[in-house]
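The values are calculated or read from the model by the stated rules, or taken from the named source; none is laboratory data. Because the structure is a prediction, the values reported are computed rather than measured. So basically every Cβ, Gly included, is an ideal-geometry build from the backbone, and we count neighbours across all protein chains shown.
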Amino acid sequence: MKLELGYIQIKDIQFSKECKVDNGTLYVDPDAVKAYLYEDDDVKAWVKDFGFDIAKPGESVRITPVKDVIEPRVKVEGPGGVFPGVISKVETVGSGKTHVLRGMAVVTAGKIVGFQEGIIDMSGPGAEYTPFSKLNNLVVVAEPNEGYQDHKHEYEHAVRIAGLRAATYIGELGRSVTPDETAEFETYGIKEGLEKLPNLPRVAYVHMLQSQGLLHDTYVYGVDAKRSLTTILCPTETMDGAIISGNCVSACDKNTTYHHQNNPVVANLFAAHGKTLNYVCNIITNENVYLADKQRSSDWTAKLCRLLDLDGALVSQEGFGNPDTDLIMNCKKIELQGVKTVIITDEYAGQDGKSQSLADADPLADAVVTGGNANEVIILPKMDKVIGTLDYVDVIAGGHAGSLRPDGTIEAELQVITGATNEMGFNRLSAR
Amino acid sequence: MSYKVVHYINQFFANIGGEEMAHVAPELREGFVGPGMALNTAWKGEAEITATIVCGDSYFAEHEADAKEKVLAWVKEQKPDMFIAGPAFNAGRYGYACATIANAVQEELGIPVLTGMYEENPGADLKNKVLIVATANSAAGMRKAAPVMAKLALKIMKGEKIGASAEEGYMPNGIRRNFFEKEVGAKRAVDMLIAKLSDKPFTTEYPMPSFDRVAPNKAVKDLSKATIALCTSGGIVPKGNPDHIESSSASHYGEYSIAGVDDLTAETYETAHGGYDPVYANADADRVLPVDILREMEREGKIGKLHDFFYTTVGNGTSVANAKKFAAEYAQKLLQAGVHAVIMTST
Amino acid sequence: MVKEIERAGIPVVHMCTVTPISMTVGANRIVPTIAIPHPLGNPALSLEEEKAIRRKLVERALEALTTEVDDQTIFEV
């Protein structure tokens, strides 16, 4: 399957009476976007109002609580549309041409009590830890209807859909824009790959999806990942939004939809594809809460690795705690099939860094890349402007009572920062 | 004003002598001695070695309490800003002394300490207690080690926050610290996988916590019916070292018959070990491998039998991986031969 | 090395001078010896005296081998 991505570099976002992309600037009319969001019945039912704001790199701006980050994309050629099974109809994506509004994102935020959401600082020390401080962000702040607290799942669904719809609307503006740069991505069928790259090691990406339920969910073509068995995906499918985040787990190591669209493991395996390895496919597997599910899913992961005659597998995790067991089970079982693994995780070594970093361990996990210790404490300075609200800083994962100090600074663990210790290896942060 | 440092080195680096002088008792000298110069140079006057303590490696190992007491008293008197030991490279007893004395200075005097050695030096077992800079496995690594140790030491004396082990050059000490790598995690992971697939070396960023303890086996019930085997890392070999076991960093082990041998004598056996004074073992190898006593006990019926073969290698500088491989291999031979228990001696 | 023998299922006693190293490498039955160059001897003594000491140390080692232990144990002489 071959996909061409056409990158349209967005250097600025401005509110305007019309919506368009012109010479690297996105002009957006908030009312038009809002009207499009409200065309969805669930959004109508649960969201009282939307506010819109723009946050640019280097500004003294803090966005919190952040729910999801999404990159606007539009399918311009080939089957299907973006976010298949959720926004577009279910049809296999990952081939043809897709335009990408690069350098920007749609960020959903707002009063989302009880969700484990994060902080994006656009400048200062916190900005160094989140990749989203480098983007021009169109922030969609949702305000819930009364009574949403008893219907968190419905509300989460509504905000999730709203974010995806906003990104779809913006992405559509890039349909007829000539991209600044294009790139092609192609993986081969099994036999084709063997013929074309006979001497290169066969490698797959084992992509673990958070699926613990209770608002810790990921969707694949609209299917809740916890109800799915381990299966195979073409790497290009994720670029068209086949996997989306419905995830309200700790901000630092949850994979936002943006992470799925721009999966760095996929990008780096493609960079090595045909040179030092043969990138065969992605294997997606879940992180469920039952031991039987964990056993079944990791058995299947290992089985697929064997069936595909892989030489190596790169495993990425999402979240921490009991998913560490999924990670280790996957790693161990794949290794026992004679397939060499590297795993990417992050650490919870305590604020002093002295505790055991993972909840599980196995000697076969001898090649580990870490996204850093999420417990490390950081002081975030006061920002001139807050998009969203500071009301939840003390309660989001990684915060504590008193995290928000009287002078407006925040003392919290890195955990609170969206994407800080990402386990797809999105960042340079590490630990030793 | 520059910071004051007390430096600890062994007899070899103080130019007193090698193994034959390893017995020398600790002494205090003014200023720097030997490798201390490299540290002083690197500090460019910001810090200075004001006193050096020299101690023989065997002396330290055999009179640890006494050596510690003397060294601690001197360091206390000197009131330095920092105590630095070594670097010891792959010298096992020197490394053990460096780490042990540094730990004592840190714990009992509350003075910050730093040492340096090769990762597989037994002294490195204290790396979670004492800050240890990882060095090459021979003194040839001094040129590289000195600036790393000097820089880290200065940072500590200035009270600056120290970075992650990978940045600063110290051995991972169980305290995880964040830092920014040059490449993103996914790129590092792909590179690591390619290295692993092509059997090239790679370094995991998070070594799995080690639970490697083997539970003790059941005791021997009846010694009078038991076959006991002798093994040693003290390098005892038949005279002339027929298999050329290296005196350091051994690449193999020896398997020798002692069937019918009552006593190891200067004419028949010697040691191949290069890490300790060989005079005593060469004069009477029973001092390392007690064949004479076990033969006696065999005759008395105290033990069933002394196994016909003994296994030997040189512990000195031998990598843990190699030592492990050797022992795992000959343990199977012992098992097949029906050996009931093993006495392993080390020097 | 001791650990590999233990792992193979054979009880083993480690006779060595620097017992802390023996502890960290994971020996379970440990008998402290005299000195590094001559763990089982003492050249300062007469041959008879030396042999008596060696015998005592070996006896202690055999005692260790016939004693059940749950954890790492140093059998002081």
Considering only segment A:81-125, how many residues are modelled with pLDDT of 95 or more, surrounded by 23 or more Cβ atoms within 10 Å (Cβ to Cβ) and of a type in the set (Gly, Ala, Ser)?
2
Do we find that residue A:387 is assigned to a strand (DSSP E or B) and either within 14 Å of chain B (Cβ to nearest Cβ) or without any contact (Cβ under 8 Å) to a residue 12 or more places away in the chain (or both) in this structure?
no
Do you know which of the residues in segment A:393-415 that are surrounded by fewer than 23 Cβ atoms within 10 Å (Cβ to Cβ), assigned to a strand (DSSP E or B) and hydrophobic (A, V, I, L, M, F, W, C) is nearest to the other protein chains (Cβ to nearest Cβ)?
A:397
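Step by step: first the residues of segment A:200-237, then only those that are among the aromatic types (Phe, Trp, Tyr) and part of a strand (DSSP E or B), then the one that is farthest from residue A:311 (Cα to Cα). Which residue is that? Can you show your working first?
We begin by selecting, within segment A:200-237, every residue among the aromatic types (Phe, Trp, Tyr); these are A:205, A:219, A:221.
Remaining after also requiring part of a strand (DSSP E or B): A:205, A:219.
On the way: A:205: 12, A:219: 29 Å.
Among those that are among the aromatic types (Phe, Trp, Tyr) and part of a strand (DSSP E or B), it is A:219.
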Check residue A:213 against each of (1) touching a Cys at 6+ places or on another chain (Cβ under 9 Å); (2) on the phi > 0 side of the Ramachandran plot and name the one condition it does not meet.
(1)
Could you check, for segment C:3-13, whether at least one of its residues is more than 8 Å from chain B (Cβ to nearest Cβ) and part of a helix (DSSP H, G or I)?
no
Checking the conditions here, which among A:429, A:358, A:390 is surrounded by 22 or more Cβ atoms within 10 Å (Cβ to Cβ) and closer than 30 Å to residue A:53 by Cβ?
A:429
Restricted to segment A:175-193, and to residues that are in contact (Cβ under 8 Å) with a residue 40 or more places away in the chain and assigned to a helix (DSSP H, G or I), which residue is surrounded by the most Cβ atoms within 10 Å (Cβ to Cβ)?
A:193
Kindly indicate whether residue B:44 is at positive phi and either among the charged types (D, E, K, R) or in contact (Cβ under 8 Å) with a residue 40 or more places away in the chain (or both).
yes
Has segment C:31-48 got at least one residue that is out of contact with any Phe, Trp or Tyr (no Cβ under 9 Å at 6 or more places or on another chain), part of a helix (DSSP H, G or I) and at pLDDT below 95?
yes
If a residue has to be crowded, with 22+ Cβ neighbours inside 10 Å and at the interface with chain C (Cβ under 7 Å from one of its Cβ atoms) to count, how many in segment B:327-337 make the cut?
3
Suppose we keep only residues that are in contact with a helix residue (DSSP H, G or I) (Cβ under 6 Å, 6 or more places away or on another chain) and assigned to a helix (DSSP H, G or I) within segment B:178-218. Which one would you say is nearest to residue A:351 (Cα to Cα)?
B:186
Filter segment B:187-206 down to the residues that are under 24 Å from the mean Cα position of the chain (by Cα) and more than 8 Å from chain A (Cβ to nearest Cβ), then identify the one that is surrounded by the most Cβ atoms within 10 Å (Cβ to Cβ).
B:203
Filter segment B:277-305 down to the residues that are within 10 Å of chain C (Cβ to nearest Cβ), closer than 22 Å to residue B:330 by Cβ and touching an Asp or Glu at 6+ places or on another chain (Cβ under 6 Å) and list them by number.
B:286
Residue B:311 is checked against (1) over 25 Å from the mean Cα position of the chain (by Cα); (2) farther than 19 Å from residue C:34 by Cβ; (3) modelled with pLDDT of 95 or more; (4) not small (Gly, Ala, Ser) and fails just one. What number does that condition carry?
(1)
By my count, strands (runs of 3 or more DSSP E) wholly in segment A:1-109 with at least 3 residues that are of a type outside the set (Phe, Trp, Tyr) and within 21 Å of the chain's Cα centre (by Cα) are A:2-9, A:61-70, A:73-77, A:96-102
If only one of B:184, B:237, B:220, B:148 is buried (at least 18 other Cβ atoms within 10 Å of the Cβ) and either among the acidic types (Asp, Glu) or within 29 Å of residue B:84 (Cβ to Cβ) (or both), which one is it?
B:148
Take segment A:343-368 and flag every residue that is under 14 Å from residue B:205 (Cβ atoms), more than 7 Å from chain B (Cβ to nearest Cβ) and in a loop (DSSP other than H, G, I, E, B).
A:358
